[in-house]
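Chemist: Questions regarding the structure given below will be posed in turn.
Read-outs: derived from the displayed coordinates by stated rules, not from any lab. Computed from a predicted structure; not experimentally measured. Don't worry about glycine lacking a Cβ; one is built from the backbone with ideal geometry, like all the others, and counts go over all protein chains shown.
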Amino acid sequence: MEVEAREGTEFRLRHGERLDNAGQLYTENLRYAVSEDIFIAAGRGGETFKPRFTFHGFQYVELTIIGPVTTPPKLTSIAIQTDTPQTGQIKTGNTMLNQLLSNIFWSQRSNFISVPTDCPQRDERYGWTADAQVFWRTAGYFMDTSAFLTKWMEDMIDGQSPEGAFPDVAPTKPLNPYRLTPQPGAPAWGDAPIIMGWQHYLRYGDHALLERCWQPFKAWMTYVEAENPDGIRRNQLNNNYGDWLTIGPETNRELINTAYWIYLADLMAKIARVLDRDAEPWLTRATRMRAAFAGAFIEKNGHLKSDTQTAYLLALDFDVLPSKHRSQAVSRLIELINEADGHLQTGFLGVRHLCPVLSDNGAEKLAVDLLLKETYPSWGFSIRHGATSIWERWDGWTQDKGFQSKAMNSFNHYAYGAVGEWIWSRLAGIDWYEEKPGYQRVQMRPIFDPRIGRVEAAYEAQSGCIKSSWRYEDEVIYWTITLPPGVDAQVLLPVGMMTEQGAQFALAPGHHTLKVTATKTMN
């Protein structure tokens, strides 16, 4: 703030994320965070005030001046973040989608300050682990997170208990005022280090972090298994948050927990192979737990006992179902979305899997429908009502009820921005290839949709800059791809689309221009 005023003139700056119905600054959701700065002029001509030892998360600032001023004050917002260099640039032909991408980016940027915080504004700002793990693939497209995670992983290991429990938040602190030790992690929260460690390896090809974390990872798995010998994860759950802040029917938490546990066992087997260790014990565990999952949660008709979108999303994406039940699960998932009038009904854990699972199972159009929807609940709903960052809750504000509970209602919370990974990997078509980590090879399975019109994306990977741009022109798609030296791509076009090379082919390093057309058999 630059001011010129008489000695003693007082300037009060209050910060908030939203305005209330009267157009006044809304601050109730900040809880005990005052979020106010006070500057008293010395009366020595031009003066500058910049707050130190604090920062504010805000969309609006209210300035109250008590006393005379010589000239109107000038305010400048300064965006701060940890130095995680930007690695991705993406834009589309859809205005709402471009705003969503901006909201995701700014929610990440304003929460990546020393650690990945949940929110930058209220009296919290914790490094919540599940918030980060569902968002981590998205985060790596927009920014270089390699050093950031390497450091934060040390915080998570530092917070690990002697019994092997990773914490809910890192750096740790007691969440209960009557505890003297950190809160041990819940399923999907304490599971986060293993998930993010594996994703880090796929993005950067970094063996060192996996090697550093192998023993802590094993300790966590031992901690979970010690109290769940039958393969169903119903003990050692700690706060057991479930599909946090879900909209609609609640998903059975034992199902969520067990699905995550199976996924971790699969990841441990993969990590073991990378590190030249024995993967067989982890594969055996995963097989045993899949059998337990089937016995506990699959009905005779093939439906899950917890008949929710998130239940099917996790079961399909974590590949915990017997093959004979997969098609039934996909059909039921689509039915549930249709029964919700074409809307999502997921919380923090389910949202990441929504568009990827639909796209992987032949429902690409429905995935794009959900992405572009603007009625409640959806990403577009928040944007239609002025969001410039990702809301913590789908119902953070609605026309019918106004603001949600002031006890927990952040308007800058990146978890629901997890859809970004699908926008990058499927709409732009830039995805890692598991057998050649670090983007030594690119997997390209683009989804072309005329409602989006065009996509232009450039990602600065560990292996070099990868570019993918496509546009619709009179029912023909023109797609250009640039692969850096030493990097090839495996391309798989959507069903019903073809190029001169066919529908499935490889691309060598270099620049490529493709013409994609619909075949006669395409619906």
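Chemist: Jot down the per residue volume, in cubic angstrom and as a whole number, of the convex hull over the alpha-carbon atoms of the stretch 317-363.
Modeler: Working: hull volume 3.4 nm³, N = 47.
Expressed per residue, the convex hull around the Cα atoms of the stretch 317-363 is 72 Å³.
Chemist: For the chain, which longest stretch is free of loop sites, where a loop site is one of the chymotrypsin sites (Phe, Trp or Tyr not before Pro) that DSSP puts outside H, G, I, E and B and that has at most 12 other Cβ atoms within 10 Å?
Modeler: 179-523
Chemist: Below 8 Å, C-alpha to C-alpha, sequence gap of six or more: please give me the relative contact order for the stretch 315-417 in percent. Show your work: numbers first, answer last.
Modeler: Values: 100 pairs, mean separation 19.4, N = 103.
After rounding, I find 19 percent.
Chemist: While we're looking at this one, here's another question. Quick check for me: using +1 on Lys/Arg Cβ and -1 on Asp/Glu Cβ, what's the dipole size of the chain about its Cα centre, in debye to the nearest 20?
Modeler: Details: 51 positive and 61 negative charges, 61 e Å.
Roughly 300 debye for the chain.
Chemist: Between Ala296 and Lys50, what FRET efficiency comes out of the Förster formula 1/(1 + (r/R0)^6) with R0 = 51 Å and r the beta carbon distance, rounded to 0.05? Kindly include the intermediate steps, with their values, before the conclusion.
Modeler: Details: r = 57 Å, r/R0 = 1.13.
That pair, Lys50 with Ala296, gives E of 0.35.
Chemist: Under 1.5 on a/c is rounded, so check that first for the stretch 429-500, then, if it is not, pick prolate when a/b is larger than b/c and oblate when it is not; a ≥ b ≥ c are the square roots of the alpha carbon gyration tensor eigenvalues. Can you show the working numbers first?
Modeler: Numbers: a/c = 2.39, a/b = 1.78, b/c = 1.34.
Here the stretch 429-500 falls in the prolate category.
Chemist: Continuing with this model, one more query. What distance in nm separates the two pseudo spin-label positions at Asp488 and Cys465, each 7 Å out from Cα along the beta-carbon direction?
Modeler: My value for the distance between the label points is 2.5 nm.
Chemist: Taking only C-alpha pairs under 8 Å that are 6+ residues apart, what is the relative contact order of the chain in percent?
Modeler: Working: 1030 pairs, mean separation 69.9, N = 523.
Dividing the mean separation by the residue count of the chain yields 13 percent.
Chemist: Can you give me the C-alpha center-to-center distance between the stretch 488-509 and the stretch 119-168, rounded to a whole angstrom?
Modeler: Taking the Cα centre of each part, the stretch 488-509 and the stretch 119-168 sit 37 Å apart.
Chemist: Just name one of Gly453, Trp424, Ala132: the one whose Cα is farthest towards the positive end of the charge dipole of the chain (beta-carbon charges, Lys/Arg +1, Asp/Glu -1).
Modeler: Result: Gly453, furthest along the dipole toward the positive end.
Chemist: From the cross-link list Lys373/Lys467; Lys305/Lys401; Lys91/Lys515; Lys151/Lys270; Lys324/Lys436, which pairs have alpha carbons spaced over 25 Å apart? Don't skip to the answer; put the middle values down first.
Modeler: Working: Lys373/Lys467 27 Å; Lys305/Lys401 32 Å; Lys91/Lys515 21 Å; Lys151/Lys270 23 Å; Lys324/Lys436 30 Å.
From the list (Lys373/Lys467; Lys305/Lys401; Lys91/Lys515; Lys151/Lys270; Lys324/Lys436), the Cα-Cα distance tops 25 Å for Lys373/Lys467; Lys305/Lys401; Lys324/Lys436.
Chemist: If you don't mind, another one. Helix 323-339 versus the longest principal axis of the chain: what is the Cα-based angle in degrees, 0 to 90, to the nearest 10?
Modeler: Once rounded, the angle reads 40 degrees.
Chemist: Here is a further query. Please state, to two decimals, what the Cα-based radius of gyration of the stretch 469-523 comes to when divided by 2.2 N^0.38 Å (N = residues). Walk me through the numbers on the way to the answer.
Modeler: On the way: Rg = 11.8 Å, N = 55, 2.2 N^0.38 = 10.1 Å.
Relative to the 2.2 N^0.38 Å estimate, the stretch 469-523 comes out at 1.17.
Chemist: On a 0 to 90° scale, report how tilted helix 207-226 is relative to the longest principal axis of the chain, with both axes built from alpha carbons and the result rounded to the nearest 10.
Modeler: Helix 207-226 sits roughly 80 degrees off the main axis of the chain.
Chemist: Go through the stretch 199-254 and name the GluC sites (Glu not before Pro) that are in a DSSP coil and have 16 or fewer other Cβ atoms within 10 Å of their Cβ.
Modeler: Taking the stretch 199-254 and a limit of 16 other Cβ atoms within 10 Å, the loop GluC sites (Glu not before Pro) found are Glu227, Glu250.
Chemist: Okay, moving on. At 0.36 nm per residue, and after removing the present C-alpha to C-alpha distance, how many nm does the segment from Glu250 to Asp474 gain when stretched out fully? Walk me through the intermediate numbers first.
Modeler: Values: separation 224, 0.36 × 224 = 80.64 nm, distance 4.45 nm.
That works out to 76.2 nm of additional length.
Chemist: On a 0 to 90° scale, report how tilted helix 253-274 is relative to the longest principal axis of the chain, with both axes built from alpha carbons and the result rounded to the nearest 10.
Modeler: So the inclination is approximately 70 degrees.
Chemist: Right, another one. Could you pull out the trypsin sites (Lys or Arg not before Pro) across the stretch 114-198 that fall in loop regions by DSSP (anything but H, G, I, E, B) with no more than 16 other Cβ atoms inside 10 Å?
Modeler: Details: sites: Arg122, Arg125, Arg137, Lys151, Arg179; in loops: Arg122, Arg125, Arg179.
Answer in residue order: Arg179.
Chemist: Which of the GluC sites (Glu not before Pro) found in the stretch 124-167 are loop residues per DSSP with 16 or fewer other Cβ atoms within 10 Å of their Cβ? Display every interim value, and only then the final one.
Modeler: Working: sites: Glu124, Glu154, Glu163; in loops: Glu124, Glu163.
Of the GluC sites (Glu not before Pro), the ones in loops of the stretch 124-167 whose Cβ has at most 16 other Cβ atoms within 10 Å are Glu163.
Chemist: Can you find, among Ser102, Pro177, Ala226, the residue farthest towards the positive end of the dipole of the stretch 82-236? Put +1 on the C-beta of Lys and Arg, -1 on that of Asp and Glu.
Modeler: Going by the Cα projections, it comes out as Ser102.
Chemist: From the mean inverse distance of alpha carbon pairs (Kirkwood) and the Cα radius of gyration, derive Rg over Rh for the chain. Write down the numbers at each step before the final one.
Modeler: Working: Rg = 24.3 Å, Rh = 24.6 Å.
Ratio of gyration radius to Kirkwood radius for the chain: 0.99.
Chemist: Further, regarding this structure: Let me have the relative contact order for the stretch 388-523, percent, based on Cα pairs under 8 Å that are six or more residues apart. Working shown, then result.
Modeler: On the way: 266 pairs, mean separation 22.4, N = 136.
Reported as a whole number, the value is 16 percent.
Chemist: Size of the stretch 1-107 along its principal axes in angstrom, Cα-based, largest extent first?
Modeler: That works out to 51, 34, 27 Å along the principal axes.
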